[in-house]
Amino acid sequence: MEILRFILLNTDPGLTTVFCLMIGVLLVLAVTGAVKQSDDATAMDVAFLYARRCIMILLCAAGPLLIIGLYAYAYAVYGFDGERATSFMKLWYGEFRKSIADLWWCFLVVLSAPMFLRMIMLRWVRPKISGWLRKFRVQASGDALSDIRIDMDNLKAKDFNPLDYYLKGQMFLGLDDKGEAIYMADELFRKNHAKVIGPSQTGKGVMLGVLLDQAIMKGWGAWFVDQKPDDFIYDIMRESCERHGRPAPLVLDLNGVGPGSYGPFIGGTRRERRERVVKTFGMADNGTNADFFKREERKVLDYLMPLWDGTLGQLAKLLKGKHPEINEQMANWVREKNGSIESNVSEFMQLDTLRATVEESFDVAAALNSGAVVYVRSNINDTIVRKACIALLDEVVQIVLKKRLEHPTYLSLDEVRFIVSQNLADALATILSKNVFASIAYQALTDLLNLPDKTLNAESIKGGIDINTQITLTYRANDYETALWLANMTGIAQKTVTKMEKVEVNKGGAEVWGDERSVGQVEETTVTTNQLLALPARVSALIRPNHLAVIIYTCWITVKEAKGLPPRNPVQPPALPAKPPAATTPAPTTASTSTEEDPFDSNAANSDDPFASLNENPGDDPFAALASATDDPFSSIDSDEINGPSEDPFAGTTGDDEARFIPEPDAPKKPAGKAKLSADQLAAIEAAGLAITSPGSPKPKPAAKADLSSLDDIEGI
């Protein structure tokens with residue numbers, strides 16, 4: 001009786017809800033294909049099939065069996081009284097009907113839920129499960145081709161302190177993707193040149209700073225030729241020298257802004273100097289009609305070489321025929337045939353840095369032989385500065401090839417396309433044996449094919465550089481051609497990748513991965529073009545001998561104090577020699593209003609006076625020494641027509657007395673053309689000769705003041 005009461009009280013809504021749930025489950029099993037019968041079904045598939053059938057049968061029979069069972073139970077409880085059992089069933093039916101009337105929306109949920117659940121399973125759940133199972137599938141090959149979307153996400157720059165990874169006997173290059181340091185043995189690094197490739201602001205300067213810092217730490221010679229210039233390289237070199245107890249870097253600023261002076265044609269033998277002049281001034285044959293005139297220019301140069309000390313100031317004078325050993329006929333020939341030499345000298349003379357004397361000029365040989373740290377600043381926009389830089393590098397090569405250096409020397413050239421030459425490209429094949437190893441930096445493949453000097457064979461130079469630079473550090477490539485060229489340098493790998501994989505479309509319109517996959521062999525470079533195009537700043541690909549190419553991460557050297565390049569010391573004009581005090585008795589020589597020294601004054605404090613020896617031999621001809629003298633005693637009186645400070649190489653001075661070459665503001669100008677001796681001048685000369693040859697004779701009266709500035713052009717003096 002209690003059970004009947006419990007059923008009657010819980011029919012609304014409990015029993016009705018259970019009934020609706022049973023109908024819903026039945027509908028789900030009826031409209032879904034959870035288990036399909038197949039000839040190759042597994043035991044699990046068959047078990048699921050029979051279980052589904054049993055559940056459907058039970059659910060279909062559960063409703064009628066529940067009603068029949070409830071009536072039978074009530075009939076038994078009421079003492080087999082059919083009338084009372086029927087009354088209970090009517091009462092229960094009324095409660096059930098009332099419950100259904102209140103829960104009519106439950107049937108809508110039951111009818112729509114199966115289709116909704118099935119759509120969710122087919123369109124979202126099943127594809128997710130399929131993808132998850134595919135991801136964790138045990139595959140025969142795990143290779144995959146490069147995908148730039150994945151490479152972009154994986155390649156991120158790393159920050160670290162390179163100094164923490166330095167090792168003795170090893171050159172630190174960077175970190176790999178696992179954070180492990182990448183090294184090259186010093187011996188191997190010194191046996192190979194390197195090229196560093198990448199656009200501006202991608203990390204080339206960062207890498208060069210790390211290499212220079214280690215070269216200084218190891219006690220090597222370290223040269224950096226800066227073209228742009230770099231904002232931090234000099235400070236890195238300066239602080240590295242301070243940190244490791246080495247002398248401060250030698251600075252040569254070819255622009256004339258910073259310290260240093262350099263005579264491009266002073267150092268080396270006569271043949272080496274001639275070679276640099278020919279290449280710097282563009283006097284070499286190039287297979288055109290201009291070769292005829294260039295041969296004439298070289299003849300002039302060969303004629304002047306024995307008389308030339310290498311300074312630009314003296315060469316300018318030689319081109320005008322101002323030398324005792326150049327007669328009038330040869331002077332005219334030199335002026336007529338010098339061609340572009342004079343214009344080149346004039347252009348070079350515009351730079352204070354290049355007007356160096358022998359004593360002032362940067363000593364390339366001494367810097368190389370001492371293993372010094374050297375910073376050279378050039379300029380990519382100034383043609384003359386670039387030419388001077390090329391001449392400097394040619395001199396470096398000439399010195400290195402003559403004798404092996406005692407100190408290992410690292411030569412770093414930035415933006416090499418602006419200073420590359422055939423000499424430099426050829427030298428890369430030979431200077432390694434001379435204990436010099438270099439790194440050259442440029443931006444792209446086309447840089448070496450578009451050289452400023454169009455007379456050079458760009459293809460030959462590029463081929464020579466590529467062959468002789470076995471170490472390559474390449475940062476992001478901005479064009480596909482460069483990326484493809486660099487990727488091919490990393491080598492080809494055979495990868496087993498998926499050629500085809502089956503995908504099925506289920507009844508919900510979603511794709512699920514099938515059970516079939518075909519694989520095949522595909523060639524791909526070790527470092528792909530996608531990776532080279534996706535490299536962020538300070539991340540590069542390293543290519544080195546006998547190792548697989550690898551992606552490395554680089555970071556900068558921290559500069560404690562950015563002082564920058566020191567300023568050029570202002571050149572103070574030399575003080576003019578003081579005028580001698582007025583004597584009570586006039587000297588038997590011609591007086592002059594100029595502050596320059598009198599070459600005829602036997603009492604002048606000049607150790608190079610060509611007439612000093614005549615005081616001891618009064619009987620000698622006072623002008624006999626002019627026949628063999630290599631210095632023109634009158635050149636000191638000549639005004640310099642070249643702008644800027646320069647000293648007269650024929651005046652017989654030591655180079656310190658430049659005041660004699662600075663004319664007085666009131667000095668008379670040199671007359672044009674060939675001048676004859678005036679009566680006053682002849683009288684002054686006769687008086688001077690008389691005083692020298694006849695010391696015992698009475699002193700003549702002082703001669704009138706005369707202008708001797710025109711004596712420079714008198715033939716034979």
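State which residue is surrounded by the fewest Cβ atoms within 10 Å (Cβ to Cβ) when the search covers only segment 454-482 and only residues that are assigned to a loop (DSSP other than H, G, I, E, B) and aliphatic (A, V, I, L, M). Residue satisfying both the conditions and the ranking: 456.
Applying the criterion of being buried (at least 17 other Cβ atoms within 10 Å of the Cβ) and small (Gly, Ala, Ser) to the residues of segment 220-247, the residue that is nearest to residue 562 (Cα to Cα) is 240. Looking only at segment 296-338, count every residue that is surrounded by fewer than 19 Cβ atoms within 10 Å (Cβ to Cβ) and among the hydroxyl-bearing types (Ser, Thr, Tyr) and tell me the total. Matching residues across segment 296-338 total 1. Could you go through segment 311-318 and let me know if any residue there is over 29 Å from residue 261 (Cα atoms) and part of a helix (DSSP H, G or I). Scanning segment 311-318 turns up no residue that is over 29 Å from residue 261 (Cα atoms) and part of a helix (DSSP H, G or I).
When 373, 364, 396 are checked against the criterion of being over 13 Å from residue 280 (Cα atoms) and in contact with a Gly (Cβ under 6 Å, 6 or more places away or on another chain), a single residue qualifies: 364. Scan segment 397-409 for residues that are in contact with a strand residue (DSSP E or B) (Cβ under 8 Å, 6 or more places away or on another chain) and surrounded by fewer than 24 Cβ atoms within 10 Å (Cβ to Cβ) and jot them down. Hits for segment 397-409 are 400, 405, 407, 408.
Residues that are of a type outside the set (A, V, I, L, M), touching a residue at least 40 places away in the same chain (Cβ under 8 Å) and either in contact with a Cys (Cβ under 7 Å, 6 or more places away or on another chain) or not in a helix (DSSP H, G or I) (or both) within segment 381-440 comprise 382, 407, 408, 409, 410, 412, 414, 415, 421, 435, 437, 439, listed in sequence order. Residue 99 meets the conditions (1) within 60 Å of the chain's Cα centre (by Cα); (2) under 16 Å from residue 11 (Cα atoms) in every case but one. The failed one is (1).
Within segment 536-557, is there a residue that is without any contact (Cβ under 8 Å) to a residue 60 or more places away in the chain and in a helix (DSSP H, G or I)? Checked segment 536-557: no residue is without any contact (Cβ under 8 Å) to a residue 60 or more places away in the chain and in a helix (DSSP H, G or I). Take residue 185 and decide whether it is touching a Gly at 6+ places or on another chain (Cβ under 8 Å), closer than 30 Å to residue 220 by Cα and among the hydrophobic types (A, V, I, L, M, F, W, C). So residue 185 passes the test.
The set of residues in segment 195-219 that are touching a Gly at 6+ places or on another chain (Cβ under 8 Å) and surrounded by fewer than 22 Cβ atoms within 10 Å (Cβ to Cβ) contains only 219.
Restricting the first member to segment 65-82 and to residues that are more than 13 Å from residue 3 (Cβ to Cβ), and the second to residues that are of a type in the set (D, E, K, R) and surrounded by fewer than 16 Cβ atoms within 10 Å (Cβ to Cβ), the beta-carbon pairs closer than 9 Å and six or more apart or on different chains are 75/81; 75/84. If the condition is being under 23 Å from residue 267 (Cβ atoms) and among the β-branched types (Val, Ile, Thr), then segment 291-349 contributes 300, 311, 341, 345. With respect to residue 514, determine if the residue is surrounded by fewer than 17 Cβ atoms within 10 Å (Cβ to Cβ), at pLDDT below 85 and not β-branched (Val, Ile, Thr). Spelling it out, residue 514 is indeed surrounded by fewer than 17 Cβ atoms within 10 Å (Cβ to Cβ), at pLDDT below 85 and not β-branched (Val, Ile, Thr). Among what's in segment 462-505 and is among the hydrophobic types (A, V, I, L, M, F, W, C) and over 33 Å from the mean Cα position of the chain (by Cα), pick the residue that is nearest to residue 192 (Cα to Cα). For segment 462-505, the residue satisfying everything is 497. Among the candidates 122, 133, which residue alone is more than 30 Å from residue 528 (Cβ to Cβ), out of contact with any strand residue (DSSP E or B) (no Cβ under 7 Å at 6 or more places or on another chain) and outside any loop (DSSP other than H, G, I, E, B)? Being more than 30 Å from residue 528 (Cβ to Cβ), out of contact with any strand residue (DSSP E or B) (no Cβ under 7 Å at 6 or more places or on another chain) and outside any loop (DSSP other than H, G, I, E, B) holds for just one of 122, 133, which is 122.
Of all the listed residues (293, 281), the sole one being of a type in the set (Phe, Trp, Tyr) and surrounded by 15 or more Cβ atoms within 10 Å (Cβ to Cβ) is 281. Restricting attention to segment 372-384, the residues that are aliphatic (A, V, I, L, M) and under 18 Å from residue 567 (Cα atoms) add up to 2. Filtering 143, 159, 153 for residues that are part of a helix (DSSP H, G or I) and not hydrophobic (A, V, I, L, M, F, W, C) leaves a single hit, 153.
The values are calculated or read from the model by the stated rules, or taken from the named source; none is laboratory data. Since the model is a prediction, treat every value here as computed from it, not as a measurement. Neighbour counts are summed over all protein chains in view; Cβ atoms, including those assigned to glycine, are modelled from backbone coordinates with ideal geometry.
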